[in-house]
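Here is the structure we will look at.
The values are calculated or read from the model by the stated rules, or taken from the named source; none is laboratory data. Remember, predicted model here, so these are calculated numbers, not experimental data. Glycine also receives a Cβ, built like all others from the backbone with ideal geometry; neighbour counts cover every protein chain displayed. These accessible areas exclude ligands, DNA and RNA; they are computed on the full protein's heavy atoms, side chains included. Shrake-Rupley method; radii C 1.70, N 1.55, O 1.52, S 1.80 Å.
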Amino acid sequence: MMKKIVLSQLLLLWSIAVLSQSKPSWEDYFNHTAQTEDVESEDWEQTYEVLSELAANKLDLNRCTREDLEQLPFLSTQQIMDIIEYRDKARRIETPIELRMIPSLERHEADMLMQFVEIRPEASRDTLPSLKNIFKYGKHRLVGTLKIPFYDRKGDEQGYLGYKYKHWLRYDFSSGQHIKAGVVASQDAGEPFFAGRNAAGYDFYSFYVVLKNVGRIKALALGRYRLRFGMGLVLNNSFGLGKINTLYMLGRSGNNIFAHSSRLEANYLQGGAATVELAKGLDLTAFASWRKVDATLNRNSSTVATLLKSGYHRTESEMQRRRNTSQTLVGGNLNYFRNGFHVGVTGLFTTFDRELRPNTKQRYRAWYPVGRRFWNVSVDYGYISNRLTIAGETATGDCGAVATINNISYRLTSNFSLMTLQRYYPYQYTAIYGRSFAEGGSVNNESGVYIGGNWTLKRGLNVNFYTDIAYFPWAKYQAQLSSHSFDNFVQITYHRGDWDLLARYRLKMRQKDNANKSALIYKNEHRGRLAAAYHTGRWTSQTQAEFSLCDFNNRSAGYMLSEHVGYNHRWLKLYATMGYFNTDDYNARIYVYEKGLLYNFSFPSFFGEGMRCALNMRADIGERVMIMAKIGTTVYFDRQTIGTGLQKINGNSMTDMELQVRLKL
């Protein structure tokens, strides 16, 4: 008990000793909006990398299109239209202060937007530069990152094919708003390097070229890319639609082509995609893809039991599953947008060289995709005005079932918006690349209603809330019968001068099998957060408290107190984190956002009892060289080993160091 009191007092004294913080960064968006299931999915990491890329290659605020702004997940459709309308009326935005004149943008939202856009000098024309000028004035960036663990896992000693170090390289080239190209090479810890089946060096390479806004070509992607159409019922391997994020976006739909500049080894397409403007407001997109995917094969080795997305190839068995199946995808989208109305049609056909044959004897897998060839088609639709936004999509496919998602948001007053979202995904519906708003994680076997709202009580004081009710007619994992879930959330944020305050609470109730699987019982999860930050000058400080309470078969609870402190002066930036956590078990685990290196998503989880400390350093040496370093350690007070299986560490602590260098050529 004395140890806990001392640790708590140290955290409190630290928060009092450091009195300030510079302007919040866009990364705070994740800390404010991420929930447990968001962090545990690849969607959030992918969204982080998209925003990292946009922050490094800022949009020209006076030339960016509606589709460009739709890449920012914190903007609603209304805000995007208001920005474009203001720009059209003013002819040109000259200063960031003008964004605060847009009624639908809060001050902190305008500040966040300015981290992804810039105001460039006015040019006489906006055309594709000559080949000579492309290479003469283009920007080159090279980033290299190395992660060094100061411990050995069981697999490092015997089991993994490679060494314990993780490293990656990233090169990108950009020329204005028109051209972007790059290559990413990535190596996970434990994977062979210039050895075995990785004789070409890295385990994963990604190449891409993107051309935008050249004549009638609105977007052209070659190499590896990602797509999103409508609400995602047919095709969405872009960022996900988490529940808080849906409130920020007010359920907007979108049609976008993205370069796959991520190190994630799944959820991308390979080939080409292009969007062409056929007439004013009428766009046609066509795409084709062929790629190898990882899969677990059945005993006959000719059919697929499971498609894999982890991207790990550290052991002999993982290496045997490496890119052993090929997938072909072709399709298109026709979209019309005019005077606030939009309607689009999306169709695709995908085929595998091996038949998908999952174990359908397991009840929750009974309706998994089976076969070799699949097709889907959908219609998405919507309308936007000053107060009303409607968006939806209805889809079907070779499965014969019809799925639909629809939402309406209405701005009752200038400071209060309310939205409702309905979805109906039959358990027979199949969409290999479908991903949309869902409690269960996939666009099948779910019906539900979501009601949420954004309320600005006064300038700087905001309340976000939602209630989501879902029904699963067929069995789910850990629920052998039809089941329900109820999810309730409220968050209050206050921005005033140098102060940022946040309070949030969530109650989630979901039915799952009891201990002997004879009946369903509710798993009740209570999670909350209190955070306070004060920013001014060169210093940074944020104090945060998290708590969790889980009632499922037995009751478990946990909490974490953390302090985040930073210093920013000219070419040097320092950032430190220290936290104490104490939870009864894994069900009561705590997630806390932690500042990482460029393009590195860091949202570690903690359970048991222990402490977490991390220190970041960034030095900008001139305009061309940047060096970053991070060292972090987690010490557990309640165990002598960490992890299980090949990931097991003999010891109660783990320390990692990350090094990164960026060169602008």
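Between Thr303 and Asn298, the built amide H atoms are under 5 Å apart, and every one of these is 5 or more places off in sequence or on another chain. Rounded, prolate or oblate for region 92-238? Axes are the square roots of the Cα gyration tensor eigenvalues, ordered a ≥ b ≥ c, and the cut-off for rounded is a/c under 1.5. It comes out prolate by the Cα gyration axes.
Neighbours of Ile649 by Cβ distance under 13 Å: Lys/Arg scored +1, Asp/Glu scored -1, total +1. FRET efficiency for the pair Tyr477 and Leu574, taken as 1/(1 + (r/R0)^6) with r the Cβ-Cβ distance and R0 = 45 Å, rounds to 0.55. Only the Cβ atoms of Lys and Arg (+1) and of Asp and Glu (-1) were treated as charged; on that basis the dipole of region 303-350 about its Cα centre amounts to roughly 80 debye. When Rg and Dmax of the Cα atoms in Å is calculated directly from the model, which label among [x] 24.7, 80; [y] 24.7, 73; [z] 27.2, 87 fits? Computed from these coordinates, Rg and Dmax of the Cα atoms in Å corresponds to label [y]. Centroid-to-centroid, using Cα positions, region 570-607 and region 420-454 are 31 Å apart.
Report summary: the helix-based calculation at 222 nm, which adds -39500 (n - 2.57) for every DSSP H run with n ≥ 4 and divides by the residues of the chain, gives -3500 deg cm²/dmol. Averaging the Cα positions of each part gives two centres, and for region 241-290 and region 65-109 these lie 21 Å apart.
Sequence-ordered 3J(HN,Hα) estimates for region 636-641 from the Karplus curve with 6.51, -1.76 and 1.60 and θ = phi - 60° stand at 9, 9, 10, 7, 10, 9 Hz, glycine and proline given as x. In this structure, the amide hydrogen of Leu481, modeled 1.01 Å from its nitrogen in the peptide plane, lies closer than 5 angstrom to those of Lys476, counting only residues at least 5 positions away or on a different chain. Across the cross-link table entries Lys180/Lys630; Lys147/Lys630; Lys361/Lys476, which are compared at the Cα atoms, the separations over 19 Å belong to Lys180/Lys630.
Local charge for Phe416 was computed over the other residues whose Cβ lies under 15 Å away, with Lys and Arg +1 and Asp and Glu -1, and equals +3. If the chain linking Arg373 and Leu334 were pulled fully straight, counting 0.36 nm for each residue of separation and taking away their Cα-Cα distance, it would gain 11.8 nm. Calculate, for Leu461 and Leu418, the FRET efficiency according to 1/(1 + (r/R0)^6) with r their C-beta to C-beta distance and R0 22 Å; round to the nearest 0.05. It comes out at approximately 0.80. Between Gln640 and Arg92, the FRET efficiency from the beta-carbon distance, with R0 = 56 Å, is close to 0.30. A dipole drawn for the chain from +1 and -1 charges on Cβ atoms has a positive end, and of Ser436, Thr543, Leu69 the residue lying farthest that way is Leu69. Between the amide H of Gly201 and those of Phe194, Ala195, distances stay under 5 Å, these residues lying 5 or more places away or on another chain, with hydrogens modeled in the peptide plane. Rounded to the nearest 10 square angstrom, His569 shows an accessible area of 60 square angstrom against a 1.4 Å probe.
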